[in-house]
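A quick write-up on the structure given underneath.
The values are calculated or read from the model by the stated rules, or taken from the named source; none is laboratory data. Predicted, not measured: the structure shown is a model, and the values here were computed from it. Don't worry about glycine lacking a Cβ; one is built from the backbone with ideal geometry, like all the others, and counts go over all protein chains shown. Note: areas computed on protein heavy atoms with side chains; ligands, DNA, RNA excluded. Shrake-Rupley method; radii C 1.70, N 1.55, O 1.52, S 1.80 Å.
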Amino acid sequence: MGEEAEIGTAKEAADHELIVAFGRLQGAANRLEYILGRALEEECGISHLVFEVLLILGRAGEPGLSMRAVAQEQVLTTGGATRLVDRMEAAGLVARAEDPDDRRGRLVRLTRLGEETVVRASRVHLENIKRYFVAPLPATDRERFAEDLRILSHAARDALPRLP
């Protein structure tokens with residue numbers, strides 16, 4: 001794979017194998033996000049971001065997660081996470097509760113409707129993942145690809161600054 005000294009023109013930059021590879025990754029992610037996100041909106045009435053927060057809360061279980069933890073998991077500002085959770089609470093998907101370990105803190109947890117919604121949406125999402133993300137890949141490469149994505153995701157997560 002090339003060195004930066006190989007790039008002397010716009011054409012060389014545009015054709016550099018690493019830049020092309022990353023562009024393909026980003027393009028595939030953007031297109032899949034659009035296809036799968038649109039299906040969640042049309043079939044379940046929720047955005048992909050709301051779905052991801054429902055999954056995070058489902059994974060956390062009781063008593064719930066702090067707003068800060070939700071923000072860090074989704075790479076949102078705490079203000080952005082608060083606005084999102086406000087909308088989710090208004091829709092009846094989540095509820096805020098006292099934090100038993102912090103008198104000033106509040107935790108976010110799934111409601112019964114939130115639980116039902118994430119289960120229904122997960123069924124839709126899983127079918128679309130199989131159709132658009134798994135089926136196009138050769139069966140022999142799927143396991144390695146999933147592992148490579150895990151490695152990339154963790155490396156990127158670890159490179160991000162932590163919220164104060």
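Above 28 angstrom, tally the Cα pairs of the chain and express them as a % of all pairs, no decimals.
On the way: 4978 of 13366 pairs.
The share of Cα pairs beyond 28 Å in the chain comes to 37 percent.
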*Within region 58-94, what residues put their amide N at less than 13 Å from the label point 7 Å along the Cα-to-Cβ vector of ASP102?*
64-72, 78
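For every helix of n ≥ 4 consecutive DSSP H residues, a contribution of -39,500 (n - 2.57) applies; sum these over the chain, divide by its total residues, and give [θ] at 222 nm rounded to the nearest 500 deg cm²/dmol.
Numbers: 7 runs with 104 residues, N = 164.
Calculated at 222 nm, the ellipticity per residue is -20500 deg cm²/dmol.
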_Within region 16-43, backbone nitrogen closer than 18 Å to the virtual label 7 Å beyond the Cα of LEU160 toward Cβ_ = 26, 29-30, 33
*Using θ = phi - 60° and the Karplus form 6.51 cos²θ - 1.76 cosθ + 1.60, what ³J(HN,Hα) does each residue of region 130-141 get, whole Hz, x for Gly and Pro?*
4, 5, 9, 10, 8, 4, x, 8, x, 4, 6, 9
_Using only the alpha-carbon atoms of region 84-164 as identical scatterers, what base-10 log of I(q)/I(0) does the Debye formula give at q = 0.20, 0.21, 0.26 Å⁻¹?_
-1.01, -1.01, -1.07
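Give me the percent of accessible area attributable to carbon and sulfur for region 73-164, probe 1.4 angstrom. Could you put the intermediate results ahead of the total?
Working: 3680 of 6680 Å².
Answer for region 73-164 is 55 percent, counting heavy atoms of protein chains only.
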*Heads up, I need the accessible area for SER122: 1.4 angstrom probe, whole protein in place, Å², nearest 10.*
40 Å²
*Could you tell me what fraction of 2.2 N^0.38 Å the Cα radius of gyration of region 32-90 comes to, as a two-decimal ratio?*
1.13
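Taking the Cα centre of the chain as the origin, how large is its charge dipole in debye, to the nearest 20, when only Lys and Arg (+1) and Asp and Glu (-1) carry charge on their Cβ atoms?
Roughly 640 debye, rounded to the nearest 20.
In Å², and per residue, what accessible area does region 52-160 have when probed at 1.4 Å with the other protein chains present?
Details: 7170 Å² over 109 residues.
On a per-residue basis, region 52-160 sits at 66 Å².
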*Quick one, could you list the DSSP H helices from the chain stretching 24 Å or more along their long axis (Cα atoms) with average Kyte-Doolittle hydropathy of -1.0 or above?*
17-44, 112-129, 142-159
